[in-house]
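One structure is given below, encoded as structure tokens.
FYI, it's all coordinate maths here, none of it is from the lab. Only a predicted model underlies this, so the values are computations on that prediction, with no experimental measurement involved. Neighbour counts run over all protein chains shown; Cβ positions are idealised from the backbone, glycine included.
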Amino acid sequence: MVASRFLAVLAACGQLSYAACPLMSGELDSRDLPADHPNVRRDTTATPTDEFLAQFEVNDNDAYMTSDVGGPISDQDSLTAGDRGPTLLEDFIFRQKITHFDHERVPERAVHARGAGAHGVFTSYGDWSNITDASFLKSSGKETPVFIRYSTVAGSRGSADTVRDVHGFATRFYTDEGNFDIVGNNIPVFFIQDAIQFPDLIHAVKPKPDREIPQAATAHDSAWDFFSQQPSSLHTLFWAMSGHGTPRSFRHMDGWGVHTFRFVTAEGKTKLVKFRLKTLQGKASLLWEEAQVVAGKNADFHRQDLWDAIEAGNYPEYEFEVQIMEEEDQLRFGFDLLDPTKIVPEDIIPFTPLGKLTLNRNPRNYFAETEQVMFQVGHVVRGIDFTEDPLLQGRIFSYLDTQINRHGGPNFEQLPINQPRVPWHNNNRDGAGQMYIPLNTAAYSPNSLNEGSPKQANQTAGRGFFTAPNRSAGKLVRAKSSSFADVWSQARLFFNSLLPVEQQFVVNAMRFETSQLTSDVVKSNVLIQLNRVSHDIATRVASALGVSAPAADPTYYHDNTTTGVSVSKDPLLKLDGLKVGYLTSNAASGNTSTDSLKSALAALKVNLVVVSETLGNGVNQTYSASDASQFDAIIVGDGTGALFTTSNNLANSNSTSGYNATTAALSTLYPAGRPLQILQDGYRWGKPVGAVGTGSKAFDAAGIKTGTPGVYGGSDVSALSSDLEAGLKQFKFLDRYPLDQ
Ligand code: HEM
């Protein structure tokens, strides 16, 4: 380790041979050289991830074990006084090992504790210097390393991936002018308009303080008490209750910067912008019942999907886009651009794609990378600036503060995953875990003893960050702006813009959540707020609660719609990494249709997962370890009929007498009825289902009608794979769901 740190420092100097070494003082900084000087690194890319992180990797291959300070040791037995005596205090090996273990954990994130991350690269589509001086957007094809961490908000670190929640989508660009983070979510709006209310929101949503129940869920009194007392939360709540709250995977959701930011040119001219990372896989969601099952069957469902997709070379891709608005547009659209509970409808201001982001490398170590990455809203670069959005303003403070707590000191930016890929120079000193040896003994500004270095960089010198010159502050007030007052219209706009069946899911989600409230006061307050959005929604939710909705409250009712907010309207753009479960039987082994279907689907980058009673002979999974929630579509193989007959799906029993007796235990290899259950659940959860040859008999046992949308049969494997392709693109057959009359 010591050697590797030394090497790391050397390498840090070595790799920067074209710029000043971060540890040396008084040298000419390349930022002050003219733009055409060969040493100027502004137009190069930042050090790529593999090269940069390799300096910090520790490889234990073919090595003797050492203590933390390098001496070779053995660590499997404690040092005791005699054969059967007590362990000695002298045992430094024991103490070092156990002490390190005792301190292995750092506090989990206060929110967004559950997450998964990946490395990648951003490629700019062009030179965007007409709107921003951000260097990573300055030329076509310019590459910048990135790291994304996805998360849920409410659950703790070990909670399930598929709970219903807003999902974090934090993106870091390691630009050649420092790190730029978009600490965004998969939902474009937020619950509150002022950061001072964030602790209230989180205390209301997190488990009850006395019993710490429920984990990672909002179906409880305090959450809905807050939502109904603080109606600014309604718009975000509507998004979270829709398919956006239960994405199929991290790959199938968009990321949003939420706030309005500023782009700033070298001359200080500004535009207002909203950021989006648009999925190039297409959007897809799990249904609620399915997501609940997944949470129990595979708590790592999203994490696993991301890992597997990258390992298989199915790299998730997103387009980095902006909506661009003028400074004078702040109040032009009927709401305030500084209000984070509002979207700018995409039909009013379309998105401009600036570049493409591709995730292509899994982390080597979860703790060192994904757990220790510390995103901050305050990580901005020259060319990008904040707005006065009061939620954004508070966030600029909060992240740095909480990360000092998590790391136990201010030096977390020196961790490899947090280091910029360019040199840094400042007068910040000391603190726990200082990794470097600063040589400048004049650690203050201004100084003459180090010839004024490090020098101040600004708009005109050293390509420094600068605050947009046109910004101004008004009088001091402790109140929300009246321009933030209408918090109902856009919740309605969102609802109006969904498919009828997606609207039904929102209503169902609200019924699920509010039916678990114990307080009649909270239920009544919820209905009052829903009724301001829509009398129809309030009536439908009220019916499940066994009460009446209040009389219509039409102040904010309208029939406007917008585009781009539905999950299910558009087909998927790619099928990469989707899984089709192929249900077969040992008795049907050697069936050639399996292989042909497998290769036809492989051409679409879709995996055929063969399920049978036992492993071997091309089988990937047993029925005992399989469930419909693992597959995006389900096919029953030829010659498997016996597994699906209804008489074969009674409860297993080894009793020979009594009410529940069957003549023989059906199978000890999997739970009773599992093959049929997989088919039925798959159908119920809207997935394409199909059968090869006589496999279609399973449809009769399952009560599925052949010929209905998303149900395919026949012996022609190539026709079946084309049907499946179309079915997977549609992803969910939502006409299987009844709508309220
Ligand atoms: C637009 C509203 C917000 C969005 C989109 C958002 C998004 C996020 C995301 C994505 C993370 C996880 C970062 C990671 O993966 O490491 C996060 C963490 C966090 N957020 Fe927010 N957040 C919002 C509002 C707020 C507000 C208003 C506060 C406080 C004033 C806040 C405080 C925190 C804290 C303390 C963490 C934990 C950070 C860490 O320990 O590294 N957030 N947020």
What is the set of long-range amide H partners of V377 at a cut-off below 5 Å, with H atoms built 1.01 Å from backbone N?
Y399
Can you give me the P(r) profile for region 334-396? Cα pairs, bins 5 angstrom wide beginning at 0, each as a whole percent.
3, 11, 12, 16, 19, 17, 12, 6, 2, 0
Extension gain R157-L331, at 0.36 nm per residue separation less the Cα-Cα distance, in nm?
58.6 nm
Taking the simple approach of a point 7 Å from Cα along Cα-to-Cβ for both E388 and A726, what is their distance in nm?
5.6 nm
In Å, what Kirkwood hydrodynamic radius results for region 291-377 from the alpha-carbon pair distances?
17.0 Å
Pull up all non-local amide H partners of H167: gap of 5 or more, or a different chain, and H-to-H distance under 5 Å with H placed in the peptide plane.
N186, I187
Report relative contact order for region 579-736 in percent, whole number only (criteria: Cα-Cα under 8 Å, sequence separation at least 6).
24 percent
Relative contact order, percent, of the chain when contacts are C-alpha pairs under 8 Å separated by at least 6 residues?
12 percent
If we sort 575-581, 417-423 on the protection proxy, mean other Cβ atoms within 10 Å, highest first, what's the order?
575-581, 417-423
Provide the FRET efficiency to the nearest 0.05 for the I202-E289 pair, computing r from the beta carbons and using R0 = 30 Å.
0.65
On Cα atoms only, tilt of 92-102 relative to the major axis of the chain in degrees:
70 degrees
HN-Hα J couplings of region 201-210 from phi, Karplus 6.51/-1.76/1.60, θ = phi - 60°, integer Hz, Gly and Pro as x?
4, 5, 4, 6, 7, 5, x, 4, x, 6
For region 70-100 and region 307-356, what is the separation of their C-alpha centers, rounded to whole Å?
57 Å
Restrict the search to region 75-113; then list the GluC sites (Glu not before Pro) that DSSP places in a loop and that have at most 10 other Cβ atoms within 10 Å of their Cβ.
E90, E104
Counting every Cα pair in region 261-420, what percent are over 27 Å apart?
45 percent
Which net charge results when you count Lys and Arg as +1 and Asp and Glu as -1 among the other residues whose beta-carbon is under 14 Å from that of G117?
+3
For the chain, the Cα convex hull volume per residue in Å³ comes to 228 Å³
Note to self: Kirkwood Rh of region 485-556, Cα pairs, one decimal, Å, is 12.3 Å
Calc'd 3J(HN,Hα), region 436-441, phi into Karplus 6.51 cos²θ - 1.76 cosθ + 1.60 (θ = phi - 60°), Hz, glycine/Pro = x, comes to 10, 10, x, 9, 6, 8
Using 1/(1 + (r/R0)^6) with R0 = 25 angstrom and r between the beta carbons of E51 and W307, what's the FRET efficiency to the nearest 0.05?
0.65
7 Å from Cα along Cα→Cβ at both E108 and W424: what's the point-to-point distance in nm?
2.7 nm
Taking 0.36 nm per residue of separation and subtracting the Cα-Cα distance, what length does fully extending I396 through N447 add?
15.4 nm
Label-to-label distance, nm, for residues given as D347 and S548 (7 Å Cα→Cβ offset):
3.6 nm
The chain, dipole about Cα centre (Lys/Arg Cβ +1, Asp/Glu Cβ -1), debye to the nearest 20:
840 debye
Looking only at Cα atoms, what is the convex hull volume of region 377-476 per residue, in Å³?
154 Å³
With T622 itself left out, Lys, Arg at +1 and Asp, Glu at -1 over residues whose Cβ is under 11 Å from its Cβ give 0
If you take the C-alpha gyration tensor of region 579-736, multiply each eigenvalue by 5 and take the square root, what semi-axes do you get, largest first, in whole Å?
27, 17, 13
Each residue of region 119-130 in order: what ³J(HN,Hα) in whole Hz does its phi give by Karplus 6.51 cos²θ - 1.76 cosθ + 1.60, θ = phi - 60°, with x for Gly and Pro?
8, x, 9, 10, 10, 6, 7, x, 9, 9, 5, 5
